[in-house]
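Enquirer: Please see the structure below; I have some questions.
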Amino acid sequence: MGFAEQRFNVNLSILFTELPLLERPAAAAAAGFTAVELWWPWVDSPTPEQSELDALRRAIEGAGVQLTGLNFYSGVLPGPDRGALSIPGEESERFRANIDVVADFARSVGCKALNALYGNRVAGADPAEQDALALRNLVLAAQAADRIGATLLIEVLNKVDSPLYPLVSAPAAVGVVDKVNQASGLGNARFLMDLYHLSMNGEDLPQVIAEYAEKTGHVQIADNPGRGAPGTGTLPLEDLLDQLGKAGYEGWVGLEYKPGDRPSAEAFAWLPRESRAAR
C-alpha cells in the first residue's frame, strides 16, 4: 500500500501560511492537491462578516479544491489557546455563537467534518464543571453537524506543547467521543487520530490504531521529532497508515506539518505529484 494509496488533504492553517488566506487554496491546487482543511481562520471572531465567509468560499471553489475539514472557533490558534468550548464565561459563549456559522459555511462548500478543540483547564475553575460545560457544548455541536450530515471530531493534543489541555491520550479523547454520542443520541462524534500528537505523548501507535481505528473519523500526520514532513523524523508513518487501512479506515489523512525553512510548495517532495490528487 504506502503513501500512494492514501487520500491526503493539506491543512492550510499550517502549510502555505506564507500566503494570505484567500491565496492558499489555489496554492494547494497548484501543488497538485484537490482537498484541503482549515483551523477556524478568524481567531478574533467567531462570527465574521458574511462577506468574509463568502470570499473564502469563492477562493475554495475557484481553486477547484474540496474543503474536507474545518475547526470550530478555538480562540487564538496558533497561540495560547486550545479551544473554547470548556472555558466558562465569554469563550464558551463565543463557541456557541460560532456553531451555526461553521455549520452553515460547511454546508455551503460540502465540508463533512467539523473539529471541536476541547479547551485548556482554567485556573480556579472546577475541572468537573468544565467537563460538564464541554459536554453540553459538544452536544450542540453534534446536533449542528448532524443537520448538515457531518461528523463531529474530538482531538488529542500533546502534553508538551499543550500542558493545560486535558485530552492528551487516545483513551481520554475516545471517552469524550463516547459521552457525546450517548448524550446526543446521534452517534456522529468520532476520534481525530493525530499521529504526531499521540507520538509526542509516548503512546503505542500500533496499539492505538488497533483499538480505536473503528472510532476514528479523521487522521492527521506530521513526523516526530520536529513536526515536519514525513521522512524528516523517525515515525514509520507509511507503515502506520497501512495499518490504519487494513483496520478499515478509509477516510482522509490531513497533512498538518510545518514546512520548515522553505516555501510550503517545496515541502511535498516525499509524495509523488500523481499521488496528491484525491481518489
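Enquirer: Which condition breaks for LEU153 when tested against (1) more than 14 Å from the chain's Cα centre (by Cα); (2) under 21 Å from ILE14 (Cα atoms); (3) outside any helix (DSSP H, G or I)?
Expert: (1)
Enquirer: Within the range 92-102, take every residue that is in contact with a helix residue (DSSP H, G or I) (Cβ under 7 Å, 6 or more places away or on another chain) and over 20 Å from ALA55 (Cβ atoms) and give me the one that is surrounded by the fewest Cβ atoms within 10 Å (Cβ to Cβ).
Expert: Of everything passing the filter in the range 92-102, ARG96 is surrounded by the fewest Cβ atoms within 10 Å (Cβ to Cβ).
Enquirer: Quick one: which of GLU37, GLU18 is touching a residue at least 60 places away in the same chain (Cβ under 8 Å), assigned to a strand (DSSP E or B) and among the acidic types (Asp, Glu)?
Expert: GLU37
Enquirer: Within the range 258-276, is even one residue in a helix (DSSP H, G or I), open to solvent by less than 30 Å² (accessible area, probe 1.4 Å), in contact (Cβ under 8 Å) with a residue 60 or more places away in the chain and of a type outside the set (Asp, Glu)?
Expert: yes
Enquirer: Same structure again: What's the number of the only condition in (1) buried (at least 24 other Cβ atoms within 10 Å of the Cβ); (2) touching a residue at least 60 places away in the same chain (Cβ under 8 Å) that ILE154 fails to meet?
Expert: If we test ILE154 against (1) buried (at least 24 other Cβ atoms within 10 Å of the Cβ); (2) touching a residue at least 60 places away in the same chain (Cβ under 8 Å), just (2) comes out false.
Matching residues to (1) at pLDDT 95 or above; (2) not in a loop (DSSP other than H, G, I, E, B); (3) not β-branched (Val, Ile, Thr):
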{"residue": "LEU67", "(1), (2), (3)": "yes, yes, yes"}
{"residue": "LEU70", "(1), (2), (3)": "yes, yes, yes"}
{"residue": "SER74", "(1), (2), (3)": "yes, no, yes"}
{"residue": "PRO80", "(1), (2), (3)": "no, no, yes"}
{"residue": "ILE87", "(1), (2), (3)": "yes, no, no"}
{"residue": "ALA97", "(1), (2), (3)": "yes, yes, yes"}
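Enquirer: Now for a separate question. Restricting the range 47-58 to residues that are assigned to a helix (DSSP H, G or I) and under 20 Å from the mean Cα position of the chain (by Cα), which is surrounded by the fewest Cβ atoms within 10 Å (Cβ to Cβ)?
Expert: Across the range 47-58, the extreme among qualifying residues is ARG57.
Enquirer: Within the range 218-247, count every residue that is among the small types (Gly, Ala, Ser), assigned to a loop (DSSP other than H, G, I, E, B), open to solvent by less than 50 Å² (accessible area, probe 1.4 Å) and in contact (Cβ under 8 Å) with a residue 24 or more places away in the chain.
Expert: 3
Enquirer: Ok, one more. If a residue must be polar (S, T, N, Q) and either free of Cβ contacts under 8 Å to residues at least 12 places away in the same chain or touching a Phe, Trp or Tyr at 6+ places or on another chain (Cβ under 7 Å) (or both), how many such residues does the range 103-114 contain?
Expert: 0
Enquirer: Then there is this: I want to confirm something. Restricting to the range 82-91 and keeping residues that are crowded, with 20+ Cβ neighbours inside 10 Å and of a type outside the set (A, V, I, L, M, F, W, C), which single residue is nearest to PRO163 (Cα to Cα)?
Expert: ARG82
Enquirer: Could you check how many residues of the range 126-146 are of a type outside the set (S, T, N, Q), surrounded by fewer than 20 Cβ atoms within 10 Å (Cβ to Cβ) and farther than 22 Å from SER169 by Cα?
Expert: Here the count works out to 2.
Enquirer: Next question. Suppose we keep only residues that are touching a strand residue (DSSP E or B) at 6+ places or on another chain (Cβ under 6 Å) and in a helix (DSSP H, G or I) within the range 103-115. Which one would you say is surrounded by the most Cβ atoms within 10 Å (Cβ to Cβ)?
Expert: The residue in question is ALA106.
Enquirer: Does LEU167 fit the bill of being at negative phi, assigned to a loop (DSSP other than H, G, I, E, B) and open to solvent by 60 Å² or more (accessible area, probe 1.4 Å)?
Expert: No.
Enquirer: I need the full set of residues from the range 172-198 which are touching a helix residue (DSSP H, G or I) at 6+ places or on another chain (Cβ under 8 Å), in a strand (DSSP E or B) and open to solvent by less than 20 Å² (accessible area, probe 1.4 Å), in order please.
Expert: Result: ALA189, PHE191, LEU192, MET193.
Enquirer: Still on this structure, please answer the following. Which of the following residues is surrounded by 22 or more Cβ atoms within 10 Å (Cβ to Cβ), over 30 Å from PRO163 (Cα atoms) and of a type in the set (Phe, Trp, Tyr): PHE16, PHE72, PHE3, PHE33?
Expert: Every option except PHE33 fails the conditions.
Enquirer: Can ASN201 be described as open to solvent by less than 40 Å² (accessible area, probe 1.4 Å), polar (S, T, N, Q) and within 22 Å of ARG136 (Cβ to Cβ)?
Expert: no
The values are calculated or read from the model by the stated rules, or taken from the named source; none is laboratory data. Everything numeric in this text was worked out from a predicted model, so none of it was measured. Virtual Cβ from ideal backbone geometry, glycine too; neighbours counted across all protein chains shown. Side chains are part of the model used for accessible areas, which takes the heavy atoms of the whole protein and leaves out ligands, DNA and RNA. Shrake-Rupley method; radii C 1.70, N 1.55, O 1.52, S 1.80 Å.
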